[in-house]
4 protein chains.
Amino acid sequence: MEASRPDTSTRILDVAERLFVEHGFEATSLRMITQQAEVNLAAVNYHFGSKDALFESVFMRRLAPLIADCLAELDKLEAEASEEKLAVEGLVLSFIRPCLSLSKDPSRGGAMFVRLLSRTLVENHRLLRETISQQYSVFVQRYSRAFQRALPMLDTEQLAWRMHLAFSVMFNAFAGNDVLKIFTRSQIVSARDPDMIVKYLVPFVMAGLVAPMEG
Amino acid sequence: MEASRPDTSTRILDVAERLFVEHGFEATSLRMITQQAEVNLAAVNYHFGSKDALFESVFMRRLAPLIADCLAELDKLEAEASEEKLAVEGLVLSFIRPCLSLSKDPSRGGAMFVRLLSRTLVENHRLLRETISQQYSVFVQRYSRAFQRALPMLDTEQLAWRMHLAFSVMFNAFAGNDVLKIFTRSQIVSARDPDMIVKYLVPFVMAGLVAPMEG
Amino acid sequence: MEASRPDTSTRILDVAERLFVEHGFEATSLRMITQQAEVNLAAVNYHFGSKDALFESVFMRRLAPLIADCLAELDKLEAEASEEKLAVEGLVLSFIRPCLSLSKDPSRGGAMFVRLLSRTLVENHRLLRETISQQYSVFVQRYSRAFQRALPMLDTEQLAWRMHLAFSVMFNAFAGNDVLKIFTRSQIVSARDPDMIVKYLVPFVMAGLVAPMEG
Amino acid sequence: MEASRPDTSTRILDVAERLFVEHGFEATSLRMITQQAEVNLAAVNYHFGSKDALFESVFMRRLAPLIADCLAELDKLEAEASEEKLAVEGLVLSFIRPCLSLSKDPSRGGAMFVRLLSRTLVENHRLLRETISQQYSVFVQRYSRAFQRALPMLDTEQLAWRMHLAFSVMFNAFAGNDVLKIFTRSQIVSARDPDMIVKYLVPFVMAGLVAPMEG
DNA sequence: CATGAATGAGCTTTCATTCAT
DNA sequence: CATGAATGAAAGCTCATTCAT
């Protein structure tokens, strides 16, 4: 029985991932994590060293493959488009699709992580600045160059702002928090339904990116 | 001398506002607040009753006037437009303008609060759900109806999503956290400069709101 | 009733003093201290800030007066002897007497402290090096000069060594630990009896200090 | 390659010896030991059973030969002196010489141990009382009888005190902790230099032992 | 023979809160 | 009106030890 029970490290990571999303890093105690993961309290420090390091492990477990997927899609797009203009929609989808497939992870851990990622970036979390910058900066640079090719009419500042706004709204959509409390009682079952996200999010982001400039 | 030093309650509120933005609610201890405010530790509980209640006070001090300002602008718009179609841009600005004037508060407290508001909504903070719903729900209802008039071609679900996305990106822009770390080394001095925000944010949000539907 | 019960800080200091002597600093937990002092565990950090700071407080409470007493005796000796040669025995007693009167403290706290002082010096405790050097270095300088006057035939190195050895044996005698386990079963009730100490210790130290040089 | 690397047990003993001296028994964790010794954490319990037992092993590895050396010197002295009076200086040197030759151990382990021995005795460590009494009591008894022969004019109590004081100061000198912080900045390179110790220590101890009685 | 994993107990410290004054 | 003192709870972390392999 329970032959499929994941090992200690994995159970800790899974529970921590969920609790960090639900309550935030600070409000999640190691005791909450270890009780739900049914492991000894000291196991966290044994396997990860500290609460901070646990956060980093939770983060990196999923971030590295996610970024790799995005960059792979980007590679493909750039190869296909070669000398032609890159399509904005392709770029947007090259980011959204890997996020969505992570969201559809049957164990639900992936969906948790997408929300954790969004929340962490939006909060500008302390632990993010210190450790994750390396991997993430490659990601940002690649997308910056790609968007530059796709939207050549925008100057550097314009482009930076539009990317900033576009990724903000995408991350927030994935975070699944309803800032307007609109969906709480509506028939729309869940703002976190992946297909809903793509249906409504993509046109919104696209329009914002290609909008004519003011004046 | 020191006639301009605010009283105990106000000093607590000001410091708490800043620290809640900088470190988040959980990571901000009453000791941090009372030390920086140079008041007795027990003063917080004396004046506000609890840390939760302090948060609510911090929040309400600015939220009520802010919502009032927004609704006043909305009243004016609706009066002017009466039977005509409401302009989307007017609606967007009726929200952004009060936020910006708060951001320009010379004591900087207002700017702090706008970030706190954004951060709290994005985090979907526990204390928000419990206490602030009343005032906030009036705000949401008024804007929902106004956008319904301004964008009659959208069905309920479409409209809900677009508002959700639009307010997400606006709140995030005000929160001032750069999810892409794009602005850190660029010549763009600060992503939090209010006028930059309106220059780039409004066209983006407008375009997203009025975008043609997919398919 | 219990009108004479010392206040929280004092109770903590008294118990800590005893336990630090009995078990050493590291082996004494705050729980041991607070349980015996019948105070809340958090009281230590409230009143002293940390375990390290508690140690320093325990130490300084008695060290400052003790050093003051020694230096007062030294002042008197130097005033009396003015141009004459200082008597070695006087110097030795100017240190031993204040230690002994502390040892005879009816509350026994003083006796504890003399042992703590000895033990701490002999262990060369980490906390000693950092904090207590100031006061202590004045003490050392004054005695160094006095012994130089009392033993002018010794060169600097000789004098340093003899003082080192003399104070070592005095501190050890006050520490009351029987390195030879000689007294354990003997009729000598206690190696810590202050008068015994002076009876046997003074001649031993004196002889060592004034011994003819080798060769 | 690395043929000279000692085996696991020895590496643990060597590191433990040093760390026990540097930080004391309680403040030295098994993790510190096993990390520096580059062995598995469980190896300590595997090879020695417990931290207490490790301490005992560290202690006994060197104490047994040291005591044997001292007693051998004592045997020789007593054989030579047979019916004559035993020379005090010979007795003192019969203890100091083995300690010094241990101090000069080229691997420095011996020097560490002499300091550990001194420190442990001066601290009156718990583990000392329980385990080491057997061997040590033989040592004490032999020296007690020898000093009785060498100093027949002293009554039992006098003798016990003088031995107590004499061994105290010798142990402290070997411990190498400068209670007066005199040597820190002086030209005297190190209070732990073995030859310095014998040059200054022996006359001091001798004088104290043979001092005329008070009054 | 040795080790990676795990554990229960305990550590110091900080928390928000209360209360007598 | 305000505060110094005190408190119970809980925090993150480290401890020596055990055990299956």
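The values are calculated or read from the model by the stated rules, or taken from the named source; none is laboratory data. Every value quoted in this text rests on a predicted model; they were computed, and no experiment measured them. Note that we place each Cβ from the backbone using ideal geometry, even for glycine, and neighbour counts take in every protein chain shown. Accessible surface is based on the protein model in full, side chains and every heavy atom, while ligands, DNA and RNA are left aside. Shrake-Rupley method; radii C 1.70, N 1.55, O 1.52, S 1.80 Å.
Here the sum of -39500 (n - 2.57) over DSSP H runs of 4 or more residues, divided by the residues of chain A, equals -24000 deg cm²/dmol at 222 nm, to the nearest 500. Largest accessible area first, the listed residues A:SER107, C:SER57 line up as A:SER107, C:SER57 when surface is computed with a 1.4 Å probe on the assembled protein chains. Chain C against chain D buries an accessible area of about 5000 Å², both chains summed, 1.4 Å probe radius.
Using a 7 Å projection from Cα along Cα-to-Cβ, the label point at D:ARG129 is separated from the same position in the remaining copies by 3.0, 5.4, 5.8 nm, smallest value first.
Counting only whole DSSP H helices of chain A, there are none at least 20 Å long by C-alpha along their axis and with mean Kyte-Doolittle hydropathy no lower than 1.6. Among C:ASP52, C:ASP105, C:ASP155, the residue with the largest mean-square fluctuation in a Gaussian network model of chain C, with springs joining Cα atoms closer than 10 Å, is C:ASP155. This model, with +1 at the C-beta of Lys and Arg and -1 at the C-beta of Asp and Glu, gives the protein assembly as shown a dipole about its Cα centre of some 420 debye. Its relative contact order, with pairs defined as Cα atoms under 8 Å and 6+ residues apart, puts chain D at 20 percent.
Accessible area of D:ARG119 (1.4 Å probe, protein heavy atoms only, ligands and nucleic acids ignored): about 40 Å². In the range D:11-36, the residues that give up 10 Å² or more of accessible area when the other protein chains are added, compared with the chain on its own (1.4 Å probe), are D:GLU26, D:ALA27. Since only A:PRO212, B:TYR136, D:MET196 are under comparison, the one whose Cα sits farthest along the positive direction of the charge dipole of the protein assembly as shown, derived from C-beta charges on Lys, Arg, Asp and Glu, is B:TYR136. Remark: accessible surface ordering of A:GLU56, A:GLU38 (largest first) is A:GLU38, A:GLU56, probe radius 1.4 Å. Cα-based values for the range B:1-125, radius of gyration first and Dmax second, are 17.4, 58 Å.
Between C:ARG97 and D:ALA81, the C-beta separation translates, for a Förster distance of 41 Å, into a calculated FRET efficiency of about 0.50. Of all chain D residues, the one whose Cβ lies closest to the rotation axis that maps D onto A, given with that distance rounded to whole Å, is D:ALA42, 4.
Taking all Cα pairs closer than 8 Å and separated by 6 or more residues, the relative contact order of the range C:37-161 comes to 28 percent. Measuring with a 1.4 angstrom probe and ignoring ligands and nucleic acids, B:VAL15 comes out at about 20 Å² accessible.
Take D:ASP155 and B:ASN45, extend 7 Å from each Cα along the Cα→Cβ direction, and tell me the distance between the two endpoints in nm. It is 6.6 nm. A convex hull fitted to the Cα coordinates of the protein assembly as shown yields 286 cubic angstrom per residue. In this structure, B:ALA53 and D:SER29 have a Cβ-Cβ separation that, at R0 = 41 Å, corresponds to a calculated FRET efficiency of about 0.40. Charge dipole of the range A:1-76 (Cα centre as origin; +1 on each Lys and Arg Cβ, -1 on each Asp and Glu Cβ, all else neutral): 160 debye, rounded to the nearest 20. Computed with a 1.4 Å probe over protein heavy atoms only, the accessible area of D:THR156 comes to about 100 Å².
For the range B:2-117, carbon and sulfur atoms together expose 50% of the accessible surface, with a 1.4 angstrom probe and every protein chain in place.
Volume of the convex hull of the range C:51-152 (Cα atoms only), normalised per residue: 99 Å³. For B:SER50, the point set 7 Å out from Cα toward Cβ sits 3.2, 3.3, 4.7 nm from its twins in the other copies, listed from shortest up.
When only alpha carbons are used to place a centre, the range B:1-48 and the range A:23-47 end up 31 Å from one another. Would you work out which of D:VAL39, D:GLY24, D:VAL58 lies farthest towards the positive end of the dipole of the range D:1-150? Charges go on Cβ: Lys and Arg +1, Asp and Glu -1. Looking along the dipole axis, the top candidate is D:GLY24. Direction-averaged projected area, Cα convex hull, chain A: 14.9 nm², rounded to one decimal. Accessible surface area normalised per residue over chain B is 45 Å², counting heavy atoms of protein chains with a 1.4 Å rolling probe.
Each other copy holds its own label point for C:ALA81; taking that point as 7 Å from Cα along Cα to Cβ, the gaps run 3.5, 9.4, 10.0 nm, nearest first.
Assuming charge only on the beta carbon of Lys and Arg (+1) and of Asp and Glu (-1), the dipole of the range D:37-165 about its Cα centre is about 360 debye to the nearest 20. Where does the Debye-calculated log10 I(q)/I(0) of the range C:118-167 sit at q = 0.13, 0.32 Å⁻¹, using only Cα point scatterers of equal weight, no solvent? Computed log10 I(q)/I(0) values: -0.37, -1.17. Residue order by solvent-accessible surface for C:SER137, B:SER118 is C:SER137, B:SER118, largest first, with ligands and nucleic acids left out and a 1.4 Å probe.
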